[in-house]
Amino acid sequence: MGTKDLSIPPVLEKAQGSSQLATFAAGCFWSVELVFQRKEGVLQTQVGYTGGHDNKPSYEAVCSGTTGHAEAVRLEYDPKTISYNDLLTIFWNKHNPTQGNRQGGDIGTQYRSAIFYHDEEQKNLAEASKTERQKNYDVPITTEIVPAGPFYAAEQYHQGYLEKGGQCAAKGCSDNIRCYG
């Protein structure tokens, strides 16, 4: 993949009047981004950091566990094509929400499961979906449901990382997602 582009892109904002934003953390942001990129109605995605206290986080700082940030995906979506409940289903299906501060072999608070809601409707839908999803587990879901705060875009080389590595990001693609670092 050549030299890492450490530049920071502008933070994703709503580009279309009727679109909405959603923010999710479910482990390594590379695979989370790719699963959402493939969905009809998801207009754009951006990986970054949120939920912590450092206002200039870097990948290295977030991975050190000292910033309080989670690796997250912020996305813009068209609610006429894909609902927030559909996005929640994708989120829940993407990871194991009972693992606490980890996903598989990725361990640390930056890999925690979290839904960062942008309004009261998203909060209510997220809480209801968590209650419903809990019925599938014998252990508690550890997913945080918290207000969306400042979002910091990750370095450019992280954006679309798996797609840059040759994995399919086309709408409707169902190829297995292979996450690697």
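Quick test of your reading of the structure: E33 fulfils all but one of (1) at pLDDT below 95; (2) touching a helix residue (DSSP H, G or I) at 6+ places or on another chain (Cβ under 8 Å). Name the failing condition by number.
That leaves (1) as the condition not met.
Filter region 4-25 down to the residues that are more than 18 Å from P57 (Cβ to Cβ) and not charged (D, E, K, R) and list them by number.
A15, Q16, G17, S18, S19, Q20, L21, A22
So that you can scan it fast, the table gives a plain yes or no per residue for (1) out of contact with any Cys (no Cβ under 6 Å at 6 or more places or on another chain); (2) of a type in the set (S, T, Y); (3) open to solvent by less than 50 Å² (accessible area, probe 1.4 Å); (4) in contact (Cβ under 8 Å) with a residue 40 or more places away in the chain:
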| position | (1), (2), (3), (4) |
| --- | --- |
| Y84 | yes, yes, yes, yes |
| G104 | yes, no, yes, yes |
| Y111 | yes, yes, yes, yes |
| F116 | yes, no, yes, yes |
| E120 | yes, no, no, no |
| R133 | yes, no, yes, yes |
| D138 | yes, no, no, no |
| Y152 | yes, yes, no, yes |
| K164 | yes, no, no, yes |
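For T23, state whether it is open to solvent by less than 10 Å² (accessible area, probe 1.4 Å) and either modelled with pLDDT under 95 or farther than 17 Å from S83 by Cα (or both).
no
Would you mind stating whether T45 is modelled with pLDDT of 95 or more, within 11 Å of Y152 (Cβ to Cβ), touching a helix residue (DSSP H, G or I) at 6+ places or on another chain (Cβ under 6 Å) and not basic (K, R)?
no
Quick check, is Y157 open to solvent by less than 50 Å² (accessible area, probe 1.4 Å), under 22 Å from W30 (Cα atoms), out of contact with any strand residue (DSSP E or B) (no Cβ under 8 Å at 6 or more places or on another chain) and not acidic (D, E)?
Considered against the rule, which asks whether it is open to solvent by less than 50 Å² (accessible area, probe 1.4 Å), under 22 Å from W30 (Cα atoms), out of contact with any strand residue (DSSP E or B) (no Cβ under 8 Å at 6 or more places or on another chain) and not acidic (D, E), Y157 comes out as yes.
The values are calculated or read from the model by the stated rules, or taken from the named source; none is laboratory data. Every value quoted in this text rests on a predicted model; they were computed, and no experiment measured them. As a convention, Cβ positions derive from the backbone with ideal geometry for all residues, glycine included, and neighbour counts pool all protein chains shown. For the accessible areas, the whole protein counts, side chains as well, though only heavy atoms, and no ligand, DNA or RNA atoms are used. Shrake-Rupley method; radii C 1.70, N 1.55, O 1.52, S 1.80 Å.
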